[in-house]
Amino acid sequence: MEPIKITDDIYWVGAVDYDIRDFHGYLTPRGSTYNAYLIVDGETVTLVDTVRHGFEDELLSRVSKIVDPARITQVISNHAEMDHSGGLPGIVRAIGSGKPVYASAMGVKNLHGQFPAEGLNLKDVAKEKPAEGGLTFQFLDTKMIHWPDSMFSFVPERGVLFSQDGFGLHYASTDRFDDQVPWDLLRSLAVNYVANILTPYTPQIAKVLETVKGSGLLERIRIICPDHGVVWRSEPGRIIGLYAHLVTQAPARKAVVAFDTMWHSTEYMARALTDALGARGIETAYLSLKHNHRSQVATEAYEAAAVLVGTPTINNQLFPSVSDLLSYFRGLKFKNKIGAAFGSHGWSGEGAKIVQAELAGLGWKMPAPEVRVQWVPREETLQPLFDLAGAVADEIDRVAPAAAV
Ligand code: FEO
């Protein structure tokens, strides 16, 4: 396995996981990478982050093409989550037990909590600086991007920012750099990543971006090296700009109709709503939960102004997949959403009412009551659905008007 040179003294030495599809409940259709970096600065050799357990040999193989792994002086752990630290104990054993591992104060705590028996030589970067040669390290607290331990490391002499989960995306490929992949694909993968990983933390990300801007760091960043996806070397400002936009959760002129169905009645309602919203000039994603993972719905929903959720009633409850989706939404805490609920039923009809209450409970604006259809929808029973689509479209017009032509 070969390393990839980023600068004369900084290399990518991570691992590519082509097979992963379930990333703690989040679908990764393009796999992922666990990026790690080696900084060779004379006698001081620093490994920045490691890999998921199982990929240790891949990392060590890449390192060994540059230096003997035993020459690694120290490890910097920017983020303690297992996809970056699972391989840490094995890698430390390989490079020499007792080598120092630098992390934030919370990182020290988390790494100890995760690997209590490993005897890692953990050091808090706020109390002890890593060894430095011609290159130096600056650390930035980036709590909640993605965990409380998260930090960025910056090497000012090279303008290289190691941003762990920040500015990442899940993309397994032989491409290592942003200029090797079309921007549209990178943008969609970045939205998918932010929607499913970082949505609850957008206020913290906005603050970090402000701090970075205010500190003058922004102008000094030449290359961003995240822990997933591509290295941003051609235009790092582009991904920073996308993040600055995404964290606002500004509503776009778009709707999502997400539903499940038992005997096609709720499906028929979903189709009618999709048609009606489309007729108002609103891009509408029609997403059956039979064919779309909750994280695909979240991705489509992220920039959408409105999310309409449909469920049949089963045993006086929601359809299980709809319940799963609402639980996911509760955790993500989307902001600035318009919501609507609909569904068919046979006799009791609680499903759509529960969805209505759940979406309202998330703080979403609900412009109309839920629409329920008993048994099978027919042309003459669809009017309430068209009224619902109209009420949602009116709200979308208000927050995301159609562009003038
Ligand atoms: Fe890629 Fe929060 O770990």
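Each Cα pair under 8 Å and six or more residues apart adds its sequence gap; the mean of these over the residue count of segment 236-316 is a relative contact order of 44 percent. Between residue 43 and residue 263, the C-beta separation translates, for a Förster distance of 45 Å, into a calculated FRET efficiency of about 0.05. Here each label is just a point 7 Å from Cα along the line to Cβ, and for residue 138 and residue 114 those points are 2.7 nm apart. Pick from 303, 358, 132: which is most flexible by mean-square fluctuation in a GNM of the chain where alpha carbon atoms under 10 Å apart are linked? Of 303, 358, 132, the most mobile in the Gaussian network model is 132. In terms of overall dimensions, the C-alpha atoms belonging to segment 1-116 reach 42, 32, 21 Å along their principal axes, ordered largest to smallest. Given a 1.4 Å probe and the protein chains as shown, residue 207 ends up with an accessible area of around 140 Å². Shape summary of segment 252-396, radius of gyration then Dmax from alpha carbon positions: 13.3, 38 Å. In this simple spin-label approximation, residue 250 and residue 394 carry label points 7 Å from Cα along the Cα→Cβ vector, and these lie 2.6 nm apart. Ordering of 95-105, 369-379 by packing is 95-105, 369-379, highest average first (other Cβ atoms within 10 Å, averaged per residue).
Across segment 190-199, rounded Karplus estimates of 3J(HN,Hα) from the backbone phi angles (6.51 cos²θ - 1.76 cosθ + 1.60, θ = phi - 60°) give 5, 5, 4, 5, 4, 4, 8, 10, 10, 3 Hz, Gly and Pro being marked x.
Within the shell defined by Cβ-Cβ distances under 15 Å, the residues around residue 322 carry a net charge of -1, with Lys and Arg each +1 and Asp and Glu each -1. If a paramagnetic tag sat 7 Å from the Cα of residue 383 along the Cα-Cβ line, which residues of segment 244-268 would have the backbone N under 12 Å from that point? Output list for this probe position: empty. Comparing Cα centroids, segment 121-183 and segment 327-393 end up 43 angstrom apart. Counting only the Cα atoms, segment 1-63 fills a convex hull of 88 Å³ per residue.
Dividing the convex hull volume of the alpha carbon atoms of the chain by its residue count gives 146 Å³ per residue. Of all accessible surface on segment 31-143 at a 1.4 Å probe, what whole percent is carbon and sulfur? It is 52 percent, rounded to a whole number.
Taking every C-alpha pair closer than 8 Å and separated by at least 6 residues, the mean separation divided by the residue count of segment 252-396 gives a relative contact order of 27 percent.
Mark the label point 7 Å from the Cα of residue 405 along Cα→Cβ and return the residues of segment 252-295 whose backbone N is within less than 11 Å of it. From segment 252-295, the list is 281. Between the Cα long axis of helix 105-114 and the first principal axis of the chain there is an angle of about 80°, rounded to the nearest 10.
Dipole of the chain computed with +1 at Lys/Arg Cβ and -1 at Asp/Glu Cβ about the Cα centre; of 15, 42, 371, farthest Cα towards the positive end is 371.
Rounded to two decimals, what is Rg over Rh for segment 56-183 when you use alpha-carbon atoms and the Kirkwood radius? The Rg/Rh ratio comes out at 0.96. Of the Cα atoms belonging to segment 4-246, the radius of gyration and Dmax stand at 16.4, 45 Å. Per residue, the chain exposes 40 Å² of accessible surface when a 1.4 Å probe is rolled over the protein heavy atoms with every protein chain present. Taking the full set of protein chains and a 1.4 angstrom probe, give the accessible area of residue 275 in square angstrom, rounded to the nearest 10. Counting only protein heavy atoms, the figure is 110 Å². Each Cα pair under 8 Å and six or more residues apart adds its sequence gap; the mean of these over the residue count of the chain is a relative contact order of 11 percent.
When the Gaussian network model of the chain links Cα atoms closer than 10 Å, the mean-square fluctuations of 183, 347, 12 top out at 347. The value obtained for segment 214-315, namely the Cα convex hull volume divided by the number of residues, is 154 Å³ per residue.
The values are calculated or read from the model by the stated rules, or taken from the named source; none is laboratory data. In this text the structure is predicted, and so the values were computed from the model without any measurement. Neighbour counts run over all protein chains shown; Cβ positions are idealised from the backbone, glycine included. Just the protein is used for accessible areas: all its heavy atoms, side chains included, with ligands, DNA and RNA removed. Shrake-Rupley method; radii C 1.70, N 1.55, O 1.52, S 1.80 Å.
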